[in-house]
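Notes follow once the structure below has been shown.
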Amino acid sequence: MTGHVVAIVQLPPPVTGLSAVNQRMVEELSRAGKLAAVANVAPPEGARGPHKHLGRLARTLSAAGLLIRARIR
């Protein structure tokens, strides 16, 4: 990992104010060479009901693993 920041954020889709701002922040950190990794914790596109929640849980657990691996390095 080259940068110093691990971004665990909700990214588009869907495009909301939060996801748009997060996308812009990730782009700027990447351009500045400060971004080590990105984890998108938004629910999978098109998922509904239990699948939406399970997908988001899986992405959150994956992000936690990414954060742990980044901390170890």
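The values are calculated or read from the model by the stated rules, or taken from the named source; none is laboratory data. Every value quoted in this text rests on a predicted model; they were computed, and no experiment measured them. Cβ coordinates were reconstructed from backbone atoms using ideal geometry, including for glycine residues, and neighbour counts include every protein chain displayed.
Of the residues Ala7, Ala47, Ala36, the single one that is farther than 20 Å from Ile72 by Cα and among the aliphatic types (A, V, I, L, M) is Ala47.
Which ones in the range 1-27 are over 11 Å from the mean Cα position of the chain (by Cα), at pLDDT 95 or above and under 22 Å from Ala47 (Cβ atoms)? Selection gives Gly17, Leu18, Ala20. For the range 1-17, a tally of residues being exposed (fewer than 14 other Cβ atoms within 10 Å of the Cβ) and more than 18 Å from Arg71 (Cα to Cα) returns 5.
Taking the listed residues Gly55, Gly46, the one that is more than 12 Å from the chain's Cα centre (by Cα) and on the phi > 0 side of the Ramachandran plot is Gly46, with no other qualifying.
Considering every residue within the range 42-53, establish whether at least one is crowded, with 17+ Cβ neighbours inside 10 Å and not in a loop (DSSP other than H, G, I, E, B). The answer is no; no qualifying residue exists.
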